[in-house]
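What follows is a set of notes on a single structure, which appears directly below.
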Amino acid sequence: MKTQFSFDFRAIQLRITDGSTNPHMIYIKEHLVRDHTADKPSGRTLFIVNVPPYVDEQSITNAFKEAGSIQSVHFSEKPNTINSNTEKFTLGSCKSSFRVCYLVFKKVASLQNALKLKELQPMNLDKHIFLGINKFIHEYNEKVIKPMELKNRIEVFMKRCDEKIKKEIEKEKQLEQEDDEGWITVTKRSKIQSFARTEKVENKIMSKEKKSKKKKELTNFYTFQIRESKMKHIVSLRQKFDEDKKKIAQIKQSRRFKPF
């Protein structure tokens, strides 16, 4: 028996070639969700689960060839309604896990034909699937990216990044403008208006730094510091006393009697 029914899904065999003795079973139904997206339109999208990792876009197109013309094919690890494609300039290796597939037909009638199919066409009609040792050789060669191809990918990626950054900068510039109430939004690229440093300004800044350093220094905190400061004070008083004695002696010597 080639077809089975499981809840809303319909089971059908997927074969690589006409002579495949162990076909794989996939499950299909119409894609029905509340909010349809542009890439998965209502009435033309077939939802397929249990898709093997070796199945690609060309393979699934060949299998459903009899149903009608296919517009696009979308693979995903889990069922989703949003097509999330990350922009990368290097292609990551495909995970060896079963996936789901969204098959979009050009006509509504093609979807109905696909749901009525009792047997699918072999996937390897155009011999694009590599088997045996050829499979491993092909996978290895596909991993090696040509320099020109990598260069083009990087240029496209960088161009998109530059455009994205440019839009962000323009958006932040708009936010930095005053609103009706006089408020300005501070962003990470906002700059504080600086002033030109002259020699006078630099001297002023340096004097402030020296004062701040002096304030931070601990004076007369320890016992030996107090003792040393007292000794210095006594020495300075003695020096001043000796200087004053000399001045008084000089004044006495220079004193003269002048009656008139």
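Just so you know, in region 24-60 the residues that are of a type in the set (Val, Ile, Thr) and open to solvent by less than 40 Å² (accessible area, probe 1.4 Å) include one that is nearest to Leu115 (Cα to Cα), and it is Ile28.
When region 41-64 is limited to residues that are out of contact with any Lys or Arg (no Cβ under 7 Å at 6 or more places or on another chain) and of a type in the set (Phe, Trp, Tyr), the one that is modelled with the highest pLDDT turns out to be Phe64.
When Gln193 is tested against the conditions (1) among the polar types (S, T, N, Q); (2) modelled with pLDDT of 70 or more; (3) open to solvent by 80 Å² or more (accessible area, probe 1.4 Å), the lone failure is (2).
Cβ-Cβ contacts under 6 Å between residues 6 or more apart (or on different chains), taken from a first residue in region 35-50 that is free of Cβ contacts under 8 Å to residues at least 24 places away in the same chain to a second residue that is of a type outside the set (D, E, K, R) and in a loop (DSSP other than H, G, I, E, B), are listed as Ser42/His36. Screening Asn134 against (1) touching a residue at least 12 places away in the same chain (Cβ under 8 Å); (2) part of a helix (DSSP H, G or I); (3) not aliphatic (A, V, I, L, M) leaves a single unmet condition, (1). Checked against (1) out of contact with any helix residue (DSSP H, G or I) (no Cβ under 7 Å at 6 or more places or on another chain); (2) modelled with pLDDT of 80 or more; (3) among the hydrophobic types (A, V, I, L, M, F, W, C); (4) farther than 24 Å from Lys143 by Cβ, Ala67 passes all but condition (1).
The values are calculated or read from the model by the stated rules, or taken from the named source; none is laboratory data. Just so we're clear, the structure is a prediction, and the values are computed from it rather than from any experiment. Cβ: placed from backbone, ideal geometry, glycine included. Neighbour counts: every protein chain shown. Keep in mind that these areas ignore ligands, DNA and RNA; they rest on the heavy atoms of the full protein, side chains included. Shrake-Rupley method; radii C 1.70, N 1.55, O 1.52, S 1.80 Å.
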